[in-house]
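Engineer: Structure incoming, see below.
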Amino acid sequence: MKHLLLVLALLPVMAGASSTQRIKDLASISGVRSNQLVGYGLVVGLDGTGDQTSQTPFTVQTFKNMLREFGIQIPPNVTPQLKNVAAVSVHAELPAFAKPGQRIDVTVSSIGNSKSLRGGTLLITPLKGLDGQIFAVAQGNLVVGGFGASGADGSSITVNVPSVGRIPGGANVERPAPDGFNNGEHIVFNLHKADFTTARRLAERVNEVFGPQVAEPMDGGSIRVRAPASRSQRIAFVSELENIEVAPDDGGARVIINSRTGTIVIGQHVQVTPAAVTHGSLTVTIAENPQVSQPAPFSEGETVVTPQSNVEITEEANRMFYFAPGVALQDIVTAVNEVGAAPGDLMAILEALREAGALRAELVVI
């Protein structure tokens, strides 16, 4: 079973040179993106789990400012005890081409010391972009997946995170999202993962379909494509363009090691130069077995405890294995499985191979 798990941990996601992907899966259009929005507001209607006013004065200040907008004045020497109110941060993602009247989801997070937002209602909260303009307005009842409970003796239990909630469709778009789709005579595709070979293949494939000199690579991460000036024709052109199949280049030779989970992924292009490897471990076991010496009855002797230690040293007799020139992934997996190395031992072997200059790959530890 140990060998099977090791093989599964080493299996890479191998895409042959003949496999293809759509352009829409390989790249995104420059200027067509989502925008981050953020706002500050109040959640009311909580069941005694709101902010403690003594530690969060900004909640009281916000509450007084809100009442002042409705013509209600609170005496300066009066501090409301807002056990059912919490100050929150509200954030959302404004998708590309969003128009006024459309609704987007929002996430509400406590920024004070509120224990739970469960059962609360977010009051009207403007959501701003980085330019300070209001793009959406949020309001509604929160959906909170977490909850907590506590006893009189101080014991408590919490499931998930009760201080964060969501409002599906909780914000109404008030301003259209920035649109860079129809700017200029070219459309620029940015690869999700920069690669010179993939950029060249994408441009060549577009030119095969739409004619020569329609597309040209700008660098290893961007391809410029001539597009119609008319917006309707440009939309139809991009619809055809993004569904073209392209064969991306294989990734570089890499070994990925997750030091927290012990997961190891070896790419298909990883090779090892001639090297001999052996890996063993020395185990020392010390067991204390004290002996009690009991004197005979009616004697003047005393009970004595005699310490006795058993020390055992065990060394695993792992065999040495040899990597031939240009050994491939399957040979590495087979050799490691024959030795019986666990993922933790394999990490040490790979690091030693890299230090010896025998590992022809980039070793990445995450």
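Engineer: Pull out all pairs, ordered by first then second residue, where Cβ-Cβ is under 6 Å, the residues are six or more apart or on different chains, the first lies in region 227-243 and is free of Cβ contacts under 8 Å to residues at least 40 places away in the same chain, and the second is basic (K, R).
Structural biologist: P228/R234
Engineer: Continuing with the same structure: Is it the case that region 86-96 has a residue that's closer than 21 Å to Q61 by Cβ, within 27 Å of the chain's Cα centre (by Cα), hydroxyl-bearing (S, T, Y) and part of a strand (DSSP E or B)?
Structural biologist: yes
Engineer: Here is a follow-up. Here is a list: F97, F70, F58. Which entry is under 30 Å from N243 (Cβ atoms) and not assigned by TED's automatic domain parsing to the domain that holds I235?
Structural biologist: Checking each option against the conditions leaves just F97.
Engineer: Does region 178-187 include one or more residues that are within 30 Å of D250 (Cβ to Cβ) and in a strand (DSSP E or B)? Break it down stepwise before answering.
Structural biologist: Here is the first cut: in region 178-187, the ones within 30 Å of D250 (Cβ to Cβ) are 186-187.
Filter once more, so that each one left must be in a strand (DSSP E or B): 186-187.
So far as region 178-187 goes, yes, one or more of its residues are within 30 Å of D250 (Cβ to Cβ) and in a strand (DSSP E or B).
Engineer: Please state which of the following conditions G41 fails to meet, knowing it meets all the rest: (1) at pLDDT 50 or above; (2) under 29 Å from T198 (Cα atoms); (3) not in a loop (DSSP other than H, G, I, E, B).
Structural biologist: Failing condition for G41: (2).
Engineer: Could you figure out which of (1) in contact with an Asp or Glu (Cβ under 9 Å, 6 or more places away or on another chain); (2) more than 30 Å from A247 (Cβ to Cβ); (3) at pLDDT below 95 isn't true of P162?
Structural biologist: (1) is the only condition that P162 fails.
Engineer: Quick check on region 203-262: of everything there that is acidic (D, E) and part of a loop (DSSP other than H, G, I, E, B), which residue is modelled with the lowest pLDDT?
Structural biologist: Top of the filtered list is D250.
Engineer: Of everything in region 344-358 that's part of a loop (DSSP other than H, G, I, E, B) and at negative phi, which residue is surrounded by the fewest Cβ atoms within 10 Å (Cβ to Cβ)?
Structural biologist: The residue in question is A356.
Engineer: When residues of region 48-58 are filtered for being farther than 11 Å from Q81 by Cβ and of a type in the set (S, T, Y), how many remain?
Structural biologist: 2
Engineer: Assuming T53 fulfils every condition listed in (1) surrounded by fewer than 16 Cβ atoms within 10 Å (Cβ to Cβ); (2) at pLDDT below 90; (3) within 17 Å of G120 (Cβ to Cβ); (4) not acidic (D, E) apart from one, which condition is it?
Structural biologist: Tallying (1) surrounded by fewer than 16 Cβ atoms within 10 Å (Cβ to Cβ); (2) at pLDDT below 90; (3) within 17 Å of G120 (Cβ to Cβ); (4) not acidic (D, E), T53 fails exactly one: (1).
The values are calculated or read from the model by the stated rules, or taken from the named source; none is laboratory data. No experiment lies behind these values; they were computed from the predicted model shown. Using ideal geometry, Cβ is built from the backbone for each residue, glycine included, and neighbour counts are taken over all protein chains shown.
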